[in-house]
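**Student:** Sharing a structure below in structure tokens format, with a few things to ask.
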Amino acid sequence: MPIDWIWGLIGGLLIGTGGAIYLLGNGKIMGASGIIGGLVDGSGRDTALERILFLLGVAVLPVILMPFYRSVDTHLTDNYYALIAAGLLVGVGTRIANGCTSGHGVCGMSRLSIRGIVATCCYILAGGIGVIIFRHILGVI
Amino acid sequence: MLRHLIALIAGSFFGAGLFVSGMTDTTKVQGWLDVFGNWDPTLAFVMGGAMIPMALAWLVRARRQTSLIGTPLPPKPSTKIDKNLIIGSVMFGMGWGLVGLCPGPSIASLTYGGAGLYAFLAAMITGMVVAPFVRSRLDRLVPAE
């Protein structure tokens, strides 16, 4: 629906503004998997508070905005095998590739980084093939 | 202090953007990936929208020596396309397609994602912890030229 697209565009502008603030303010690339990963594996110990506060902002803003919405649903599957398999793939994959939708997608592609573009093509292609396999062939999602 | 305030503000914009764009709704993400189903183009608008301020920020970056807080700005991006980038991204994409979650939205929906989200997060964190072992395994399997 076009109204969803407009909200998508507005949300995108907000996401990009966050990335711009993080880049020009702190000199860092706003990549969710890198920010979380550095906390998880200890490689970002020196910047732990910066990372935690960033993630706090990410988690809290939806709570503040939620009262303005009639209903909010993630429509997340209740298939725990799928959730755990997906979590492992996302965790391992983003760390090996050094980025996810925000780092490679938003920040990388906007500076025409060849790595960002290649990574984005790979995960979109894999995601598309994944949906074909899991939804249309196996019927598990 | 300023560094931490900037991180909180940047994260708030990111979280607000993920929320209002509908990117914490997994059906919108899977709907975009599902080109043979009921295709939903919203994600393309989100990506496109995010590119605009970010591209401007990169233009500003080119004229600056340091960030606002005085730290060095990111150097020119590497152009090395290696197997880790490809294999990692393919793994990530498979997981992303399977349940419709990537790292950003998994944090944005922390308070309303329910038990399933916690299972996903626990697995994602486990994956991030074991990633260095998987990477060294991969290096042995497919040595870099």
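**Student:** I need the calculated FRET efficiency for the pair residue A:63 and residue B:79, taking r as the beta carbon distance and R₀ as 35 Å, to the nearest 0.05.
**Tutor:** Details: r = 41 Å, r/R0 = 1.16.
It comes out at approximately 0.30.
**Student:** May I ask you to list the lysines whose Cα is less than 16 Å away from that of residue B:28, ignoring any residue fewer than eight positions away on the same chain?
**Tutor:** In chain and number order, there are no partners.
**Student:** Something else now. Let me have the relative contact order for region A:1-138, percent, based on Cα pairs under 8 Å that are six or more residues apart.
**Tutor:** 25 percent
**Student:** Using all C-alpha to C-alpha distances in the protein assembly as shown, build P(r) with 5 Å bins and read off the rounded percent in each one.
**Tutor:** 1, 6, 13, 18, 21, 19, 12, 7, 3, 1, 0, 0
**Student:** Let me ask something additional. Sequence gap at least 6, Cα distance under 8 Å: using those rules, report the relative contact order of chain B to the nearest whole percent. Please report the intermediate quantities before stating the final value.
**Tutor:** Details: 63 pairs, mean separation 39.6, N = 145.
Relative contact order for chain B comes out at 27 percent.
**Student:** If R₀ is 41 angstrom, what is the calculated FRET efficiency for the pair residue A:112 and residue A:70, using the beta carbon separation as r and rounding to 0.05?
**Tutor:** 0.55
**Student:** Using 7 Å Cα-to-Cβ label points, what is the residue B:5/residue B:135 separation (nm, one decimal)?
**Tutor:** 3.5 nm
**Student:** Take B:76, B:28, A:28, B:83 and order them by how many other Cβ atoms sit within 10 Å, fewest up front.
**Tutor:** Fewest-to-most ranking of B:76, B:28, A:28, B:83: B:76, B:83, B:28, A:28.
**Student:** Which whole-number percent gives the relative contact order of region B:28-96, counting Cα pairs below 8 Å spaced six or more residues apart?
**Tutor:** 13 percent
**Student:** Still on this structure, I have one more. Under 15 Å Cα to Cα from residue B:80, which aspartates and glutamates show up? Leave out anything in the same chain fewer than 8 places away.
**Tutor:** Within reach: B:145.
**Student:** Checking understanding here: applying a Kyte-Doolittle mean of at least -1.0 and a length along the axis of at least 27 Å (C-alpha), which whole DSSP H helices in chain A pass?
**Tutor:** Those that clear 27 Å and a mean of -1.0 are A:2-26.
**Student:** How large is the dipole of chain B about the Cα centre if only Lys and Arg carry +1 and Asp and Glu carry -1, each at its Cβ, rounded to the nearest 20 debye?
**Tutor:** Approximately 620 debye in magnitude.
**Student:** Say we join alpha carbon atoms closer than 10 Å with springs in a Gaussian network model of chain B; which of B:78, B:106, B:21 then has the biggest fluctuation?
**Tutor:** Comparing B:78, B:106, B:21 in a Gaussian network model of chain B, the most mobile one is B:78.
**Student:** If I stretch the segment between residue B:122 and residue B:59 completely, what's the gain in nm (0.36 nm per residue apart, minus their alpha carbon distance), one decimal?
**Tutor:** Result: 18.9 nm gained on full extension.
**Student:** Please sort through the DSSP H helices of chain B and keep those with an alpha-carbon extent of at least 20 Å along the long axis and a Kyte-Doolittle average not below 0.0.
**Tutor:** Result, helices passing both filters: B:2-20, B:42-62, B:83-99, B:114-141.
**Student:** So if R0 is 30 Å, what FRET efficiency would residue A:125 and residue B:112 give, r being the distance between their Cβ atoms, rounded to the nearest 0.05?
**Tutor:** In this case the efficiency is close to 0.50.
No lab work stands behind these numbers, since they all come straight from the coordinates. Quick caveat, the model's predicted, so the values are computed rather than measured. Note that each Cβ is placed from the backbone with ideal geometry, even for glycine, and that neighbours are counted across all protein chains shown.
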